[in-house]
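> One structure, pasted below without further comment.
The values are calculated or read from the model by the stated rules, or taken from the named source; none is laboratory data. Here the structure is a predicted model, which is why all the values come from computation and not from measurement. Glycine also receives a Cβ, built like all others from the backbone with ideal geometry; neighbour counts cover every protein chain displayed. Each accessible area value is taken on the protein alone, full model and side chains, heavy atoms only, with ligands, DNA and RNA left out. Shrake-Rupley method; radii C 1.70, N 1.55, O 1.52, S 1.80 Å.
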Amino acid sequence: MTTDLLTSAGAHTKKIDPELVRRCIEPGATTPEAMTISEAGRAIAREIVGDNGPEDRIRQRCVVATGDPAIKDLLVFGNDPVKAGIGAISAGATIYTDIRMVKAGIIKKGHKCQIECVLDMEGAQELAQKLGITRTSAGFLTAAQDIENSIIVIGNAPSAAITVSRMVEYGIRPVMIVAVPVGFVNAAESKEKISKIDIPSITCTGTRGGTPVAVACINEMIIMSGNV
């Protein structure tokens, strides 16, 4: 790599602010420039959302993750999910995700939770073919007994959220659920189903959501658990 390239392309994209570096709590930001950018974005989100407790912290992170201030008004918190989620993370509960992208985005340090993607559950592919259902639905069904006392994070698949809501009706009890699948087919309906069951949950209304929102919700709870 040439000296000219290092000098020109390697220059900071934002002036380093020591105060922002000091305040930064984002574990993924490990350099002064990254910390400055992270905390500057968070400061803007605090102005947009407010800063009146744990739910606002999750709203802030979702605003930053999506670049969409409107997401703050779409999030739905049911049955005290932040308290339930932080408690489960502190206890080392397993986290089950619908897709690998959600798994990849979850903070890996500062907690003892095992993170599993249901697409990788043994027998899930075969069950999907046998029943003619989506692989994510089959994955959660395959993991049914293990889901008890776990955290579920769904960022993509409405079918998975619907399946999980049905599993709860049959007596399977995860500790809390983040379900924010995105799309035009079943997404809004699936999130509404999750919001109506008697399990702590974070959902959002309408067609918006997705992996960035799901990851933002669980990562902020990991940070709030106090171990990062």
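> So which residues in the stretch 1-50 are under 23 Å from I106 (Cα atoms) and among the charged types (D, E, K, R)?
Hits for the stretch 1-50 are R23, E26, E33, E39, R42, R46.
> Among (1) surrounded by fewer than 17 Cβ atoms within 10 Å (Cβ to Cβ); (2) in contact with a Ser or Thr (Cβ under 8 Å, 6 or more places away or on another chain), where does I99 come up short?
Single failed check for I99: (1).
> Answer yes or no: is there a residue in the stretch 103-112 that is crowded, with 16+ Cβ neighbours inside 10 Å, within 21 Å of I58 (Cβ to Cβ) and of a type in the set (V, I, T). Step through it out loud before you land on a result.
The first filter runs over the stretch 103-112 and keeps only residues crowded, with 16+ Cβ neighbours inside 10 Å, leaving 103, 105-107, 111.
Add one more test, that the residue is within 21 Å of I58 (Cβ to Cβ), and what stays is 103, 105-107, 111.
Then drop every residue that is not of a type in the set (V, I, T), which leaves 106-107.
Yes: the stretch 103-112 contains one or more residues that are crowded, with 16+ Cβ neighbours inside 10 Å, within 21 Å of I58 (Cβ to Cβ) and of a type in the set (V, I, T).
> Could I ask something else about it? Scan the helices (runs of 4 or more DSSP H) fully inside the stretch 1-95 and keep the ones with 1 or more residues being buried (at least 16 other Cβ atoms within 10 Å of the Cβ) and at pLDDT 95 or above.
By residue number, 32-49, 54-66, 81-90.
> I've got another one for you. Enumerate the pairs (first residue in the stretch 203-217 and under 22 Å from R100 (Cβ atoms) and modelled with pLDDT of 95 or more; second residue anywhere and open to solvent by 20 Å² or more (accessible area, probe 1.4 Å) and polar (S, T, N, Q)) with beta-carbon separation below 7 Å, excluding pairs fewer than 6 apart on the same chain, so at least 6 apart or on different chains.
T203/S195; G210/N156; T211/N156; P212/T66; V213/T66
> While we're here: Residues of the stretch 96-112 being of a type outside the set (A, V, I, L, M, F, W, C) and assigned to a loop (DSSP other than H, G, I, E, B), which ones?
Within the stretch 96-112, D98, K108, K109, G110, H111, K112 qualify.
> What are the pairs, 6+ residues apart or on separate chains, where a residue within the stretch 106-123 that is at pLDDT 95 or above has its Cβ under 7 Å from a residue that is assigned to a loop (DSSP other than H, G, I, E, B) and of a type in the set (D, E, K, R)?
Partner pairs satisfying both residue conditions: V118/D98.
> Tell me the residue from T142, T94 that is among the hydroxyl-bearing types (S, T, Y), in contact with a helix residue (DSSP H, G or I) (Cβ under 9 Å, 6 or more places away or on another chain) and closer than 19 Å to P200 by Cβ, please.
T94
> Just to be sure before I move on: is T97 on the phi < 0 side of the Ramachandran plot, polar (S, T, N, Q) and in contact with a strand residue (DSSP E or B) (Cβ under 7 Å, 6 or more places away or on another chain) in the structure I sent?
Answer is yes for this residue.
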